[in-house]
Amino acid sequence: MRIIVLVKEVPDTYGDRKLDLETGLADRSASEKVLDEIGERALEVAISYAESHAGTEVVALSVGPDSVPTTLRKALAMGATSAVHVLDDALRGSDLTLTAEVLSKAIERTTFDLVIAGNLSTDGTAGVIPSMVAELLGVPHATNLGSIDISESEVRGMRTTDDGTMEIVTPLPAVVSITERMPDARFPNFKGIMAAKKKPFETVSLSDLGIDAEAPVPRSIVVAVAEKSARAAGVKIIDEGNGGQQLADFLIANKLA
Amino acid sequence: MPASRLMVSEEADDIVALARELATQKLAPRVADDEKQAIFPRDIFALLGQAGLMSLPYPEQYGGGAQPAEIYLQVFEEIGAAWASVGVGISVHALSCFPLANYGSEEQKSRWLPEMLSGDTLGAYCLSEAHAGSDPAAMRTKATRTEGGYLINGAKAWTTHGGNADFYTVMARTADTGGRGISCFLVPADAEGLSAASPEQKMGLTGSPTATMNFDNVFVEEARRIGAEGQGLSIALAALESGRLGIAAVATGLAQGALDLAVTYAKSREAFGKAIIDHEGLGFVLADMAADVESARATYLSAARLKDVGRPFGKQAAIAKLVATDNAMKVTTNAVQVLGGAGYTKDFPAERFMREAKVMQIFEGTNQIQRLVISRDLARAS
């Protein structure tokens with residue numbers, strides 16, 4: 001089986017995260033760059049399956065700037081078989097539609113049985129890339145799985161929603177996304193780090209994928225970006241017998257009632 | 001702020017990043033409680049062993065990582081920055097493996113080294129005695145010849161991991177010829193007659209057990225003697241030369257941890273209307289602390305590079321141990337000062353750092369002994 005795992009380099013979840021107010025893009029110098037935790041969990045699903053099923057290939061796929069190879073090396077050290085990095089200046093600030101197109105083209109270059117992704121990146125938090133990629137690939141998607149069971153021909157998993165849980169089954173090939181309910185990813189180890197050096201690492205550009213980033217198709221663009229305004233002090237209501245009335249007036253005045 | 005490092009290769013970068021990741025995610029959340037309750041974190045050593053970080057200095061063919069000192073010492077530093085007891089522990093483990101890895105026969109190495117480097121076992125080093133610390137040639141523990149091996153009798157003081165280790169690298173007297181009458185033995189923890197006295201009640205490094213090991217007619221087969229009879233002291237001193245670099249790295253980590261704490265505190269604590277780091281009096285204390293940390297790191301790395309290319313490094317290792325541990329003492333003491341009253345309470349780790357730094361000026365050769373090593377080297381040099 002060939003499993004492709006979508007991983008992403010993000011600003012350290014525990015560090016400062018800032019937007020560059022000039023460009024509207026994440027300020028990548030504001031904190032350390034790490035492999036997104038949810039992507040690591042997706043990788044863990046693939047690697048644990050590969051460990052118990054000989055002949056399974058796990059490809060870590062990432063789109064991002066020239067710092068990405070460092071984080072992709074971690075995916076290789078954890079146990080991915082090979083890595084693919086889509087690198088192109090034209091991808092700077094790409095929107096979801098372009099990112100999904102790039103990912104699906106990169107996946108289509110080779111055969112695949114299963115694509116695993118995290119449900120939501122910690123920086124962009126759009127949460128729709130797995131479904132968009134599945135649509136472009138023309139395969140079923142089973143998203144937001146909190147448990148997963150992969151077999152030769154299908155994937156089965158549980159999705160928890162506000163109303164309950166549902167069991168989802170899809171034949172392969174398919175795209176799935178997993179949630180934080182899945183187990184923590186393993187740490188790499190010394191042997192993995194040394195082995196990673198010898199694993200295939202491919203860098204591809206948009207022209208390799210046959211994509212024109214400037215093509216006249218609808219894209220979302222950032223019109224303006226502004227710093228979040230500082231929090232102003234709230235209104236303090238002192239109850240001198242008419243506290244209830246004051247509270248009601250406040251709610252009405254702020255259209256909260 | 002993590003230390004800014006110039007690494008020699010991408011994989012070196014990844015190895016140190018792995019150490020930092022484990023330190024942040026697995027060690028840091030536990031250190032305060034475990035140290036307070038004097039819990040020995042044996043599982044943390046297992047975790048580091050699984051990650052392959054317990055055997056970095058030794059050859060690949062026996063399961064080691066074959067990494068140069070320049071790289072593995074920075075791993076020790078990252079671990080020491082999060083948890084000094086664990087940093088000291090991996091340094092002592094490396095010290096305990098040194099005699100077999102460097103002086104053992106092929107047969108001995110293939111028989112015991114893979115297990116010692118597997119990450120599942122932990123070593124201890126038995127050199128000092130109650131009346132033979134700085135002067136190991138005065139040791140009294142005896143290894144007497146008997147059929148098929150030796151019987152060891154005596155007591156070894158200040159054994160790190162004493163009573164918790166899986167193997168003990170032991171120096172014992174095989175002849176009454178002073179420094180030339182000492183031999184080195186590899187003793188398994190389950191050897192009959194080997195027992196640990198109750199652990200020492202220490203000022204710091206409370207998570208790392210230290211005990212006197214008693215040898216009561218402990219039989220050791222001849223195959224477990226490392227090197228020739230009488231070679232023990234020179235093996236011990238060579239091991240210490242490398243061990244001092246380990247301690248220098250761990251002390252640098254400890255100082256870095258104290259600096260990070262002090263800077264974070266000084267940026268958030270305000271006095272006279274501004275952060276205390278912006279008062280020159282405090283800012284300069286922090287600047288001196290940063291200079292002490294960086295110079296300690298530069299000093300041990302410079303000695304490590306000499307070792308890595310096979311040049312003599314004994315004097316430089318002694319200087320590194322002296323500078324890094326004296327600096328760690330200064331930096332941790334100043335961290336307490338920067339935190340003020342808070343620094344003196346056990347709610348903050350500053351006071352623990354200060355207690356941990358003190359022993360580093362004492363063990364693996366007191367800093368007075370380091371000065372002796374340095375001055376003797378100066379006198380010898382032509």
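What to note about this one:
- Of all residues in the stretch A:198-210, those that are loosely packed, with under 14 Cβ neighbours inside 10 Å have Cβ atoms under 7 Å from Cβ atoms of residues that are modelled with pLDDT of 95 or more and outside any loop (DSSP other than H, G, I, E, B), 6 or more apart or on another chain, in A:Pro200/A:Ser82; A:Gly210/A:Lys105.
- If you filter the stretch B:10-58 down to residues that are hydroxyl-bearing (Ser, Thr, Tyr) and at the interface with chain A (Cβ under 9 Å from one of its Cβ atoms), you find that the one that is nearest to A:Lys198 (Cα to Cα) is B:Ser55.
- Given (1) in contact with a Cys (Cβ under 9 Å, 6 or more places away or on another chain); (2) within 22 Å of B:Pro209 (Cα to Cα), index of the condition B:Gly64 fails: (2)
- Candidates in the stretch A:43-67 are the residues that are in a strand (DSSP E or B) and either among the aliphatic types (A, V, I, L, M) or touching a Cys at 6+ places or on another chain (Cβ under 8 Å) (or both); of these, the one that is farthest from A:Ala30 (Cα to Cα) is A:Val58.
- Which listed residue is among the polar types (S, T, N, Q), touching a residue at least 60 places away in the same chain (Cβ under 8 Å) and buried (at least 17 other Cβ atoms within 10 Å of the Cβ), from B:Asn164, B:Asn217: B:Asn164
- In the stretch B:131-142, the residues that are under 16 Å from B:Ser234 (Cα atoms) and open to solvent by 70 Å² or more (accessible area, probe 1.4 Å) reach residues that are among the small types (Gly, Ala, Ser) and assigned to a loop (DSSP other than H, G, I, E, B) with C-beta atoms within less than 8 angstrom, at least six apart or across chains, in these pairs: B:Ser134/B:Gly365.
- Output for the stretch B:288-312, where each listed residue is open to solvent by 40 Å² or more (accessible area, probe 1.4 Å), out of contact with any Phe, Trp or Tyr (no Cβ under 7 Å at 6 or more places or on another chain) and either assigned to a helix (DSSP H, G or I) or of a type in the set (A, V, I, L, M) (or both): B:Asp288, B:Ala291, B:Glu294, B:Ser295, B:Ala298, B:Ser302, B:Arg305, B:Asp308, B:Val309
- Residue match in the stretch B:65-87 (condition: more than 10 Å from every other protein chain (Cβ to nearest Cβ), in a helix (DSSP H, G or I) and more than 16 Å from the chain's Cα centre (by Cα)): no
- Breaking point among (1) more than 14 Å from chain B (Cβ to nearest Cβ); (2) free of Cβ contacts under 8 Å to residues at least 24 places away in the same chain; (3) not aliphatic (A, V, I, L, M), for A:Asp95: (2)
- Any hit, the stretch B:188-199, residues being under 26 Å from the mean Cα position of the chain (by Cα) and open to solvent by less than 10 Å² (accessible area, probe 1.4 Å): no
- All conditions but one from (1) surrounded by 23 or more Cβ atoms within 10 Å (Cβ to Cβ); (2) out of contact with any Leu (no Cβ under 8 Å at 6 or more places or on another chain); (3) over 24 Å from B:Asn102 (Cβ atoms) apply to B:Ala318; the one that does not is (3).
The values are calculated or read from the model by the stated rules, or taken from the named source; none is laboratory data. Given the structure is predicted, the values throughout are model-derived calculations rather than measurements. All Cβ positions, glycine included, derive from the backbone under ideal geometry; neighbour counts span all protein chains shown. Surface accessibility is based on the protein's heavy atoms, side chains included, excluding ligands, DNA and RNA. Shrake-Rupley method; radii C 1.70, N 1.55, O 1.52, S 1.80 Å.
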